[in-house]
Amino acid sequence: MDQVGKEDFELVEFLQQWFDTKAFDCGGYSPNEYAIKFFHERYREEMGEI
């Protein structure tokens with residue numbers, strides 16, 4: 001369990017480096033994250049990005 005947690009932590013840290021680059025436009029959503037997806041879509045509409 002500790003090994004899996006350590007690997008996950010390292011992976012998340014690695015991925016965070018790429019979120020603030022021009023290569024990263026958006027992330028994916030799980031099917032359970034419909035409210036977050038809706039919020040982001042509405043935000044982008046209001047900001048004129050869609």
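Can you tell me which of (1) outside any helix (DSSP H, G or I); (2) at pLDDT 75 or above is the one Glu45 doesn't meet? Only one criterion in (1) outside any helix (DSSP H, G or I); (2) at pLDDT 75 or above is unmet by Glu45, namely (1).
Residues in the stretch 22-42 that are aliphatic (A, V, I, L, M) and either surrounded by 10 or more Cβ atoms within 10 Å (Cβ to Cβ) or modelled with pLDDT of 85 or more (or both): Ala35, Ile36.
The values are calculated or read from the model by the stated rules, or taken from the named source; none is laboratory data. This is a predicted model, so every value here is computed, not measured. Heads up, the Cβs are rebuilt from the backbone with ideal geometry, glycines too, and the neighbour counts pull from every protein chain shown.
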